[in-house]
Amino acid sequence: MKFIARYILILVIALSSVYITNRVIEYKREINQLENFQISAKEKSSKMLSPVVRLTFLIPNVDVDENEGPDPADSPMDISMTTATGFSIEYNARSNVSLIITNAHFCDIIETRDDTVLVTENSETLRSEMPSQSGYASNVLYIDPYLDLCLVEAFGFVRPAILAEIDYDI
């Protein structure tokens, strides 16, 4: 009888240790998956801009003689920088283009000159700093001067803002 009791006890301990070992292995696998997910999420978020962005356009300040063109002595060019804030409303994955809304009075000068460069980047950058290398080239698509709105396309992923429904109750 003692022999059977010892045998059952050893069997119960062995089965329990197998069960516990399997649970520990599953737990470690879940932790690894979670860590991999967190790492990939951090990598992805570092490659995307937040919904609120800083738009910067750069204008070269070159004295131009109407008869001769730009004076080569003016190199290196002096550059003026103007910034505004906008927010993303849509992203098209097929064309990798984000649509951004900002003020029309910011975009007006871009439409009147051919030598401007428009850049979209995170809004955390100081307004006095030149655009970083993490920004995206951008173009003005549409200006509505009456509503003071401008639609800009940025060539890259800018996470769209989540907008409330028109009948949203507070």
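Would you mind getting me the FRET efficiency between TYR27 and LYS2? Use the beta-carbon distance for r and R0 = 45 Å, nearest 0.05. Write down the numbers at each step before the final one.
Values: r = 37 Å, r/R0 = 0.82.
E(calc), rounded to 0.05, equals 0.75.
Multiplying the sequence separation of ASN61 and TYR19 by 0.36 nm and subtracting their Cα-Cα distance, what value in nm do you get?
Numbers: separation 42, 0.36 × 42 = 15.12 nm, distance 7.43 nm.
So the chain would gain 7.7 nm between ASN61 and TYR19.
Once both labels are modelled 7 Å past Cα along the beta-carbon direction, what's the ILE79-LEU11 spacing in nm?
8.0
Every number here is computed from the coordinates shown, using simple stated rules; none is lab data. On a predicted model such as this, the values are computed, not experimentally measured, just so you know. Methodologically, a virtual Cβ is constructed for each residue, glycine included, from the backbone with ideal geometry; neighbour enumeration extends over all protein chains shown.
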